[in-house]
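Okay, so here's the structure we're looking at.
The values are calculated or read from the model by the stated rules, or taken from the named source; none is laboratory data. These numbers come from a predicted model, not from an experiment. For neighbour counting, all protein chains shown are included, and Cβ atoms are generated from backbone atoms with ideal geometry for every residue, glycine included. To get the accessible areas, we keep the full protein, side chains included, count just its heavy atoms, and leave off ligands, DNA and RNA. Shrake-Rupley method; radii C 1.70, N 1.55, O 1.52, S 1.80 Å.
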Amino acid sequence: MSKRAPSNDLVVKVASRLVLARKAYGLDQQVFGRMAGLSQPQYNQFETGKRLLTLVAALQLCDEYNLTLDWLYRNDPSGLPSDLWMKMRDIQRNHK
């Protein structure tokens with residue numbers, strides 16, 4: 001089985017969802033990452049799209065912030081708490 005690098009499109013989309021989640025919680029990168037057990041430099045690489053969010057880091061973020069892997073990687077909000085999804089949707093609408 002060959003290893004394929006993740007598409008740049010996926011990296012960018014996951015990174016944008018991380019930004020959206022962080023803004024919905026009103027936190028800066030350092031606090032958002034630290035509360036999930038991630039260092040600021042590590043979290044910054046995920047949020048800026050320098051690296052694809054790892055599964056371990058994604059699970060930590062999901063546990064801390066009620067996010068889902070389906071939303072982070074596939075943009076499927078069906079498992080998110082409705083109040084969180086509405087807040088993120090409002091942030092998206094206000095930035096367009």
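Within region 2-20, not a single residue is more than 13 Å from the chain's Cα centre (by Cα) and within 16 Å of residue 88 (Cα to Cα).
Filtering region 42-88 to residues that are in contact (Cβ under 8 Å) with a residue 12 or more places away in the chain, under 14 Å from residue 24 (Cα atoms) and charged (D, E, K, R) leaves 64, 87. Cβ-Cβ under 6 Å, sequence separation 6+ or interchain: first residue in region 23-37 and touching a residue at least 12 places away in the same chain (Cβ under 8 Å), partner assigned to a loop (DSSP other than H, G, I, E, B) and open to solvent by 30 Å² or more (accessible area, probe 1.4 Å). Which pairs? Taking only residues 6 or more apart or on different chains, not a single pair turns up.
If you go through region 48-96, how many residues are part of a loop (DSSP other than H, G, I, E, B) and modelled with pLDDT of 95 or more? Write out each step before concluding.
As a first pass, look at region 48-96 and keep what is part of a loop (DSSP other than H, G, I, E, B): 48-54, 66-68, 75-76, 80-81, 95-96.
Retained after the next criterion (residues that are modelled with pLDDT of 95 or more): 48-54, 66-68, 75-76, 80-81.
Going through region 48-96 one residue at a time, the tally reaches 14.
Screening region 1-37 for residues that are aliphatic (A, V, I, L, M) and modelled with pLDDT under 95 and picking the one that is nearest to residue 51 (Cα to Cα) gives 5.
The set of residues in region 20-58 that are under 24 Å from residue 83 (Cα atoms) and open to solvent by 70 Å² or more (accessible area, probe 1.4 Å) comprises 23, 25, 28, 30, 34, 35. Of all the residues in region 38-47, those that are closer than 20 Å to residue 12 by Cβ and not in a helix (DSSP H, G or I) number 1.
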